[in-house]
Amino acid sequence: MSPERLSLPGEQYLAQRHVLTYIEDAVSQLLVNKEEVCQYGIARFFTEYFTSVHQGTHVLFREINFIQATPHNRASFLRNFWKCFRTIGKNGDLLTVKEYHCLLQMLCPDFPLDLTQKAARIVLMDDAMDCLMSFSDFLFAFQIQFYYSEFLESAAAIYQDLLTGKNPNTVVVPTSSSGQHRQRSTLSECSLQDGVDAPLFHQCLESLCERYKQSCPPPALIGEVLSSVQRLTFYGFLMVLSKHQGINKAIGALPERGKLLEDTTMDKTLENLVAQMSENSVSSPATGPLTVQLRALPCISSPRKPLQHRPRTDLESDGSTEETDSSEN
């Protein structure tokens, strides 16, 4: 934990860390599971709850409103999604938008389809939305769209205003005559094909970052992205953000792209489990069918709200063998 937290006033610290959000949720979960909690005590319940918050497992199978409630929850959901379905990328499988949405619903039953579709558009650009996508391409595009969803929604509105010749409310009008001339010419000449003037778009986003503060990509990195081009389209902007290693590091949920398919701890656990199953199989009688004896796992109470009617999600493939290279978009 950073020593800087001690310099913040109490209320500001609580708000910045969303402490009250977790306390309210913990109490709510306590009331829902009060009969179960009575068996092992309230102190243990709160210990397990905040341990799960620290580990990031507290968002599993929770409703979308809770998952989106804090930046930590969003990062935790992204990390869990990566860990659970990493083998898809490891196997080289390509999936459609609907199939990725089914995977997201396995972790969050009411996950909205529109967020999945918006992430897919970053990868597919103008291609058909039923094209196949690699796990890594979808995951990094999904990370940007999911983690910064509110900021990107406002940025899209600003982009549309610039594209249609309107003056966005967040635009700071340049004081120099050359700046004013550049703004007028940009608004009149922009088109769907060429996008908008990158410096002017950056100027608008600077004001937007002041509003969203911690819920937006680092302003310095946005400036770095936009300073390298003169004009750009909105989805081109999102594509660059999704591939920017600095922004990925700022979110802190996923490893860098080159290490995306690696998870040493998980791989070691699976190897030990397979080895144990193999030993049990070899030790079984040769005259009868091979059986694997697994020890019963202890039942550990969970502070999370149980899902009584979890919808069944089946992966549905359209049977297409067409593959698209998202790097060409």
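Things to note:
- Those residues of the stretch 233-267 whose amide nitrogen sits under 19 Å from the label point placed on M129, 7 Å along Cα→Cβ: 234-236, 238-239
- K166-H202 pseudo-label distance in nm [points 7 Å out on the Cα-to-Cβ vector]: 2.5
- Distant alpha-carbon pairs in the stretch 71-147 (separation over 22 angstrom), percent: 13
- Overall form of the stretch 8-55 per C-alpha gyration tensor (a/c, 1.5; a/b vs b/c): prolate
- Look at the dipole of the stretch 8-55 built from charges on Cβ: of A43, S28, P9, the Cα furthest out on the positive end belongs to P9.
- Ordering of 34-41, 72-79 by packing is 72-79, 34-41, highest average first (other Cβ atoms within 10 Å, averaged per residue).
- Potential extension, S215-Q117 segment - 0.36 nm per residue separation minus Cα distance: 33.2 nm
- Ranked by the mean number of other Cβ atoms within 10 Å per residue, highest first, peptides 61-71, 97-107 order as 97-107, 61-71.
- Which listed pairs, of K90/K118; K34/K259; K118/K259; K213/K268; K34/K118, have C-alpha distances above 32 Å, in listed order: K34/K259; K213/K268; K34/K118
- Model label sites at T47 and F61, defined 7 Å from Cα along the beta-carbon direction, differ in position by 2.3 nm.
- Once the C-beta distance of M277 and S228 is scaled by a Förster radius of 41 Å, the resulting FRET efficiency is 0.20 to the nearest 0.05.
The numbers here are math on the coordinates, done by the rules we state, and not lab data. What you see is a predicted model; the values in this text were computed from it and never measured. Glycine also receives a Cβ, built like all others from the backbone with ideal geometry; neighbour counts cover every protein chain displayed.
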